[in-house]
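In what follows, a structure is listed as structure tokens, so that the remarks can point back to it.
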Amino acid sequence: MILIIDDDAAVRSSLTFLLKRAGFEPEAVPGPEEALGIVRREAPQLILMDMNFTLTTTGEEGIQLLKQVKIFQPDVPVILMTAWGSISLAVQGMQAGAFDFVTKPWNNLVLLKSIRTALELNEQKKMQKSPLNRNDADSKFHFEKIVGQSDALMDVLGTVSRIAPTNASVLITGESGTGKELIAEAIHANSPRMKEAFVKVNLGGLSQSLFESEMFGHKKGAFTDAYIDRTGRFEMANKGTIFLDEIGDLELSCQVKLLRVLQDQTFEVLGDSRPRKVDIRVVSATNCNLPEMVAARTFREDLFYRINLITIHLPALRERKDDIPLLVRYFADKQSEINGLPKVTFSSDAVSYLQRLPYPGNIRELKNLVERTMLVSGKSLLDVSDFEGQCLNLGNKQVVRKGGAVSFEGMTLDEIERQTILQALDTHEGNLSHVASALGISRAALYRRLEKYGIPTDK
């Protein structure tokens, strides 16, 4: 049973009719008193709740009712019904335990999608799943591109296996180079949308002036230099998944435009005022601390709650060092295959050495180190000395001394990272593309670090 709580009889009738047609069993009540009478006796599958039940429009009644409902039925998902004017209150509702919020007048398809997602996720939560092991992962799911079997990685893959079949929006967090894009691809590959498009967008590389054209498309003549029609990324991703990478770098003005599309799943092509509907699953990724950005008002709170229905945090490579031997072998075999080289082997000392490195660039840095060492050395057996020659010497303070022992010489991690960047800038004569590649990070991530450490870009 789905419980509808709204003081407007027309709204109750419309929702009841909609849910019945969709195969659900709705029950509608006009206010908090009747609703609490039901939730005290039984647990609905889901609750659709308005935020105002008298002449007031503050939304405080809805927040209070939500808190009361959660006391009696903490596991029942609640979707709030609100107007754009009370979005901030809906965000408070999300903080108080609501599953989602939809705006009035609602879009039937968007509402039904949110309901089904909530029910699917709740059902997954009820199922007592045993921890996923690598054999099960490989036999039941499409995780071919993901290498490793550490507990930290298997926890991530277990979450992916449970949420991939749903339409829930996912936020992937983690440091640069941890493999966020691979996890996004795995979510798509294990979802019902797997045969449709997977569209990747690097929001960190989009300026405000290009955002609308890139994301929504434009008609010929919509602006200067618009010589042909252009299909936007949202339209390309219709029926599939859109991956919004570096979402923490998106400008505030663009965040508003993105929120409206994610809210209603409609958009307007530049030069065409006709709204277009789109059916997409949204997966986002960032290495920024979005809660801190929300507190600093550099990231919209309502957008934050819209994109992180499910959050997956990827561990840094230093937190899953057991996977390093497998990753080293994988990258070496791939490099041999791509360049037609004979396969190489690694001494046990070399593998131990690689497991002790700090890897500020994570998996991307390890990949570059292995490939660079293979190509430069030309040997069939790689030892510690081969990798030492490719590791950056941080001025007079080396991260790894000869013999493989780790020594930070009193340096903090930030100091090590700063010195690494300075050395790379010197080595590559300020070419930022080469620096980013050598460090195993993206240009956007490099720019953030240059700003963080006050390093001039003309160095």
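The values are calculated or read from the model by the stated rules, or taken from the named source; none is laboratory data. Keep in mind that what you see is a predicted model, and the values were worked out from it rather than measured. Cβ placement follows ideal geometry from the backbone for every residue including glycine, while neighbour counts extend to all protein chains displayed. For accessibility, only protein heavy atoms count, side chains too; no ligands or nucleic acids. Shrake-Rupley method; radii C 1.70, N 1.55, O 1.52, S 1.80 Å.
Here are a few things to note about the model shown:
- Thr166, sole failed condition from (1) in a loop (DSSP other than H, G, I, E, B); (2) over 20 Å from Phe99 (Cβ atoms): (2)
- Condition met for Lys145 (modelled with pLDDT of 80 or more and closer than 19 Å to Leu182 by Cα): yes
To keep it simple, each residue is scored yes or no on (1) acidic (Asp, Glu); (2) crowded, with 16+ Cβ neighbours inside 10 Å; (3) under 13 Å from the mean Cα position of the chain (by Cα).
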site: Thr231; (1), (2), (3): no, no, no
site: Asp245; (1), (2), (3): yes, yes, yes
site: Glu251; (1), (2), (3): yes, no, no
site: Leu259; (1), (2), (3): no, yes, no
site: Asp279; (1), (2), (3): yes, no, no
site: Thr286; (1), (2), (3): no, yes, yes
site: Arg297; (1), (2), (3): no, no, no
site: Ile307; (1), (2), (3): no, yes, yes
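- Taken over the stretch 98-112, residues that are under 14 Å from Gly59 (Cα atoms) and open to solvent by 30 Å² or more (accessible area, probe 1.4 Å) amount to 1.
- Screening Ser336 with (1) open to solvent by less than 20 Å² (accessible area, probe 1.4 Å); (2) touching a Ser or Thr at 6+ places or on another chain (Cβ under 6 Å) gives one miss only, at (2).
- Some residue of the stretch 124-145 being in contact with a helix residue (DSSP H, G or I) (Cβ under 8 Å, 6 or more places away or on another chain), open to solvent by 50 Å² or more (accessible area, probe 1.4 Å), within 30 Å of Glu292 (Cα to Cα) and of a type in the set (Asp, Glu): no
- Test for Ala350: is it of a type outside the set (Asp, Glu), farther than 22 Å from Ala444 by Cβ and open to solvent by less than 10 Å² (accessible area, probe 1.4 Å): yes
- Residue that is nearest to Ala445 (Cα to Cα) [pool: residues in the stretch 147-163 that are assigned to a loop (DSSP other than H, G, I, E, B) and open to solvent by less than 20 Å² (accessible area, probe 1.4 Å)]: Gly148
- Checking each residue in the stretch 193-211 for being out of contact with any strand residue (DSSP E or B) (no Cβ under 9 Å at 6 or more places or on another chain), assigned to a loop (DSSP other than H, G, I, E, B) and buried (at least 16 other Cβ atoms within 10 Å of the Cβ) picks out only Leu206.
- Flag if Lys367 is out of contact with any Lys or Arg (no Cβ under 6 Å at 6 or more places or on another chain), within 20 Å of Thr178 (Cβ to Cβ) and not hydrophobic (A, V, I, L, M, F, W, C): yes
- Residue in the stretch 312-329 that is under 26 Å from Ser114 (Cβ atoms) and open to solvent by less than 10 Å² (accessible area, probe 1.4 Å) present: yes
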